[in-house]
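Please read the structure below before turning to the comments.
The values are calculated or read from the model by the stated rules, or taken from the named source; none is laboratory data. Note that the structure is predicted; figures quoted are calculated from it, not measured. Note that we place each Cβ from the backbone using ideal geometry, even for glycine, and neighbour counts take in every protein chain shown. When the accessible area is computed, the model is the full protein with side chains, heavy atoms only, and any ligands, DNA or RNA have been set aside. Shrake-Rupley method; radii C 1.70, N 1.55, O 1.52, S 1.80 Å.
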Amino acid sequence: MFQFPEKFLWGVATAAYQIEGAWNEDGKGQSIWDTFTHRPHTIHNNENGDIACNHYHQMPEDVRLMQELGIQTYRFSISWSRVLPQGTGDINHKGLDFYDQLVDKLLAAEIIPNATLFHWDLPQALQERGGWNNRDSVEWFAEYAQVIFARLGDRVPLWSTHNEPWSHAFQGHSFANHAPGIASAAVAYQTVHHLLLSHGKVVQIFRQGGYKGEIGIVLSFRHYLSASDSESDRAACQRAYDDKVSMFLQPLFRGHYPEQLIDWLGTQAPQIQDGDLELIQQPIDYLGVNYYYTLSISFASNGGLLKLKPAPFSAPGWGHTEMGWGINPEGLKAVLLDIKENYGNPKMYITENGCALQDQPDTTGFVADWGRINYLRDHLRAIHEAIQSGANIQGYYLWSFLDNFEWSNGYRPRFGIVRVDFDTCKRTPKQSAYWYKATIARNGIES
């Protein structure tokens, strides 16, 4: 038995646009994902999150199901445009009431709420004013955060400012396969800076408000391996690490961006004003770690701005997930130990980890997803080994509680431990849900 520390938190995670639906109900404003998914040919099968899992209407049922599964903490995100339809200004009280009721139901079920302020669904009205490329976005985000803290700050003990700023900045503003669908490396790097700047501003507001909870930020991590020992491949691997990891950890924990990368970017680098880096480096209470896969990196002369070529890496015998991602549990351990050794060993929560597999339901809708169980077991073992090596890890949030709308991939990939019939929105816990329930009950995994 691999026993986890006492008071280790076991949770599940979701995101507002991926599960809520009710995209235009009760006064909600339009988000960039509403706009993006309603354009033809942006999403697999032209699908969208208009209904998604219908969580907006089935929230009490979902909280009861979490309680039945023994979930100790729930990480969710708040839809900015549901609360502030124009992004700033008038509050939509029906939208704010939804999150108020969610928090109360979680607390009544003895489930700890963990709220993320921004999970990629910027109000469309703000995008039309320049979005995150506009430095005013820092103040927009601060206004929104103050509204949320004023209503929920007395009861929510865990907060995240942003979820995966790299993903939103680059998939949405450089690769154009996420909302808002912009293709500009310069805009993407400026977006990174404004996301980090707004994070620092909101952490400052949280401290000034005297709220009793903890606040942090959630970053996306991959483990990077050089494809060979050649100097060019090793340099490309370092550049990948700097672009995806150091670009965030260094300003957050050291007060500066990675110098070699900024020099390399040249005119694509973000514009930084005096005092920005000091604001970004506000002390945080924890770091959220999202990990799914490891990449093998080689140099590529035609590899775009960064001149590198990533390839999925899987440990022997693992294969790939339905997303085409490799599976390498040891990569998670390596990520955690890197943070421990090089960034001061902050308090960490694994805020996302999981896999999409080709779930095959039986005639009753039940899924015996033993492949997912194997994936989760070995990643939890890697976390346990990192803890044994001194990494300060306080909890684990499985992605995801429900099958959901998986961004540009639509409804095809299923990450949930609870199956959702997207025609009826019926929930059916999978084998992995019962395995996770047993894991939580014993606070450990079998050897």
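Here the Gaussian network model covers the chain, with springs between Cα atoms less than 10 Å apart; of Ile417, Ile339, Ile19, Ile339 fluctuates the most.
Largest accessible area first, the residues Ser447, Ser246 order themselves as Ser447, Ser246 under a 1.4 Å probe with ligands, DNA and RNA left out. Need one number: % antiparallel among DSSP beta bridges in the range 1-148, to the nearest 5. Taking every DSSP beta bridge within the range 1-148, about 10 percent pair in antiparallel fashion.
Just checking the listed ones, Thr191, Thr267, Thr294: in the Gaussian network model of the chain with Cα springs under 10 Å, the one fluctuating most is Thr267. First compute the accessible area of the range 49-89 with a 1.4 Å probe, then give the percent of it belonging to carbon and sulfur atoms. Solvent-exposed carbon and sulfur of the range 49-89 make up 49 percent of the total.
As a calculated quantity, the FRET efficiency between Gln360 and Ile91 at R0 = 51 Å, using C-beta atoms, amounts to about 0.70.
Per residue, how much accessible area does the chain show when a 1.4 Å probe rolls over the protein heavy atoms, in square angstrom? Provide the component values of the computation, followed by the final result.
Working: 16480 Å² over 447 residues.
That works out to 37 Å² per residue.
Per-residue Karplus couplings for the range 207-218, computed as 6.51 cos²θ - 1.76 cosθ + 1.60 with θ equal to phi - 60°, are listed in order as 5, 5, x, x, 5, 7, x, 10, 9, x, 9, 10 Hz, Gly and Pro entered as x.
In the context of the full protein assembly, Arg129 retains an accessible surface of approximately 120 Å², using a probe radius of 1.4 Å and ignoring ligands and nucleic acids.
Considering only beta bridges that DSSP places wholly inside the range 307-442, some 60 percent are antiparallel. Which value, in Å² rounded to 10, gives the accessible area of His57 with a 1.4 Å probe and all protein chains present? The value for His57 is about 100 Å².
Kirkwood Rh and Cα-based Rg: tell me the resulting Rg over Rh for the range 85-127, rounded to two decimals. Each step should come with its number before you reach the end.
Values: Rg = 12.9 Å, Rh = 12.1 Å.
Expressed as Rg/Rh, it is 1.06.
Note on Leu305 and Gln394: their simple-model spin labels are 3.4 nm apart, each label 7 Å out from Cα toward Cβ. P(r) tail, the range 116-197: Cα-Cα pairs separated by more than 17 Å, 45% of all pairs.
Relative contact order of the chain: what whole-number percent is it, with Cα pairs under 8 angstrom and at least 6 residues apart?
Working: 931 pairs, mean separation 81.1, N = 447.
The value is 18 percent.
Taken over the range 17-148, the ratio of Cα radius of gyration to 2.2 N^0.38 Å equals 1.09.
Look at the dipole of the chain built from charges on Cβ: of Gly11, Ser298, Phe405, the Cα furthest out on the positive end belongs to Gly11. The fraction of accessible area contributed by carbon and sulfur in the range 259-325 is 51 percent, rounded to a whole number (1.4 Å probe; ligands and nucleic acids excluded).
Please compute the Kirkwood hydrodynamic radius over the range 221-348, one decimal place, Å, based on all pairs of different Cα atoms. Its Kirkwood hydrodynamic radius stands at 15.9 Å. Normalised by residue count, the range 393-447 yields a Cα convex hull volume of 110 Å³ per residue. Ranking Met66, Met1 by solvent-accessible area of protein heavy atoms (1.4 Å probe, all protein chains present), from largest to smallest, gives Met1, Met66. Heavy-atom accessible area, probed at 1.4 angstrom with all protein chains present, ranks Ser408, Ser137 as Ser408, Ser137, highest first.
Segment Ala150..Asp229, full-extension length gain: 23.1 nm, with 0.36 nm per residue of separation and the alpha-carbon distance subtracted.
Report the residues of the range 207-247 in range of a label on Asn342: point 7 Å along Cα→C-beta, backbone N strictly under 15 Å from it. Under cut-off, by backbone N: 220-226, 234-247.
DSSP bridge analysis restricted to the chain gives an antiparallel fraction near 30%, rounded to the nearest 5. In the chain, the calculated helix contribution to ellipticity at 222 nm averages -11500 deg cm²/dmol per residue, counting -39,500 (n - 2.57) for every DSSP H run with n ≥ 4. The alpha-carbon atoms of the range 1-71 define a convex hull whose volume equals 155 cubic angstrom per residue.
Couplings 3J(HN,Hα) for the range 263-269, derived from phi with the Karplus relation 6.51 cos²θ - 1.76 cosθ + 1.60 (θ = phi - 60°), are 4, 5, 5, x, 5, 7, 5 Hz, where x marks Gly and Pro. Taking all protein chains together and rolling a 1.4 Å probe, Val147 ends up with roughly 30 Å² accessible.
The fraction of all Cα pairs in the chain landing in successive 20 Å bins from 0 to the largest distance is 26, 62, 12, 0, given as whole percents. Taking θ as phi - 60° and the Karplus parameters 6.51, -1.76 and 1.60, the scalar couplings of the range 49-63 work out to x, 4, 10, 6, 9, 6, 4, 4, 9, 10, 4, x, 5, 5, 5 Hz in sequence order, x denoting glycine and proline.
Give the Kirkwood hydrodynamic radius (Å, one decimal) of the range 299-447, defined as one over the mean of 1/r across all pairs of different Cα atoms. Can you show the working numbers first?
Numbers: mean 1/r = 0.0587 Å⁻¹.
One decimal place: 17.0 Å for the Kirkwood radius.
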